[in-house]
Amino acid sequence: KAGVTQTPRYLIKTRGQQVTLSCSPISGHRSVSWYQQTPGQGLQFLFEYFSETQRNKGNFPGRFSGRQFSNSRSEMNVSTLELGDSALYLCASSLQGVMNEKLFFGSGTQLSVL
Amino acid sequence: GESVGLHLPTLSVQEGDNSIINCAYSNSASDYFIWYKQESGKGPQFIIDIRSNMDKRQGQRVTVLLNKTVKHLSLQIAATQPGDSAVYFCAVSGGGADGLTFGKGTHLIIQP
């Protein structure tokens, strides 16, 4: 069974631009969640999508948004990029959701904002 | 909301010794606890989980202990091997809409 796939692996953007990251979950998984990982703040939960609906949301500004398609693939968008958005963005999938079962993580997208 | 504290950012152990990594959480309503391991250049990988109706759970060479009275969680790794070298995160779910809260991680270093 293929694992969680995230594309692209690396991205370099400049301040003010926007970026879209993609995540393909494990086949059959309906929950996709997104995380930001930085050396200073560690792993922080962004949001979770389940059956195309946002179910949970972390404490991030509205510049961070996402969506999920009918095939469970998910995209995350960050608008008006700031230097502080430089981070590793991870997505994870699971059968039912983040609250009570293990997650399967992708290898992440490393975003650098210059 | 939930907060998860880190006890040690780095833990160095001798190969073959047992390792203990700790986490503290703040929300007494939290009901699901999980440990992940992250190797360099990879995403976190599930190790073991425990629910609030249990105090202890064992896997292969790993044991998770949950003390709800003091809101403390620990991961024990028996007979630590070089392949155990990684950053270990605990994560806590409180059942609310906040999702999952992670600790900052402990970097486990194995000395030969």
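Assorted remarks:
- Once divided by 2.2 N^0.38 Å, the Cα radius of gyration of chain A becomes 0.99.
- Ignoring lysines fewer than eight residues from A:K57 along the same chain, the ones with Cα atoms less than 28 angstrom from its Cα are A:K13, A:K102, B:K37, B:K42, B:K68, B:K71, B:K104.
- From the alpha carbon centroid of the range B:56-112 to that of the range B:15-50 is 2 Å.
- The range A:56-103: chymotrypsin sites (Phe, Trp or Tyr not before Pro) in DSSP coil with no more than 16 other Cβ atoms inside 10 Å: A:F69
- The range A:14-72 pair-distance distribution - Cα-Cα, 5 Å bins, rounded %: 4, 16, 25, 24, 18, 8, 4, 0
- Highest-fluctuation residue, A:R73, A:R30, A:R55 considered, GNM on chain A with Cα pairs under 10 Å: A:R55
- Look at the Cα gyration tensor of the protein assembly as shown: its axes a ≥ b ≥ c give a/c of at least 1.5 with a/b over b/c, and that counts as prolate.
- Convex hull volume per residue, computed on the Cα atoms of the range B:4-111, equals 92 Å³.
- Ascending count of other beta-carbon atoms within 10 Å, so fewest first, for B:T80, B:T63, A:T80: A:T80, B:T63, B:T80
Laboratory data are not the source of any read-out in this text; all were calculated from the coordinates shown. Just so it is clear, the model here is predicted, and its values are computed rather than measured. Every residue, glycine among them, receives a Cβ derived from its backbone with ideal geometry; neighbour counts consider all protein chains shown.
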